[in-house]
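Written below as structure tokens is the structure these notes are about.
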Amino acid sequence: MIYVIATVEVKAGKREAFLVEFHKNKPNVLAEKGCIEYGPTVDATTDIKAQIPRRESVVTIVEKWESLQALHAHLAAPHMAVYRERVKDIVVGVTLQILDPK
């Protein structure tokens, strides 16, 4: 099993538009072989000092996959190409952190 933390930076004021498109595609991803968890999150407002400053233009996607091969298949899935096309004018950049549980 692997975890993925995808950090998506969107254009100012476009976070909600991005989330609408994300949720349209989410059922497709959850139906993929090897997908255990897949969901968007945004920075919470807390009083915890160690927390990074709140980012209004970031969506963090928390994912769990059965294997690296399942993640590769996800990234190449036709519905992901359609999704990337729909959000290309909203997204500034994406980084992935791929993690092994220990």
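The values are calculated or read from the model by the stated rules, or taken from the named source; none is laboratory data. Given the structure is predicted, the values throughout are model-derived calculations rather than measurements. Here the Cβ is made from the backbone with ideal geometry for all residues, glycine too, and neighbour counts use every protein chain on show. Quick note on the areas: whole protein, heavy atoms, side chains included, nothing else; ligands and nucleic acids left out. Shrake-Rupley method; radii C 1.70, N 1.55, O 1.52, S 1.80 Å.
So which residues in segment 53-96 are in contact with a Ser or Thr (Cβ under 9 Å, 6 or more places away or on another chain), within 17 Å of residue 35 (Cβ to Cβ) and open to solvent by 30 Å² or more (accessible area, probe 1.4 Å), if there are any at all? Hits for segment 53-96 are 62, 96. The set of residues in segment 31-52 being of a type in the set (D, E, K, R), under 20 Å from residue 98 (Cβ atoms) and open to solvent by 40 Å² or more (accessible area, probe 1.4 Å) consists of 33, 37.
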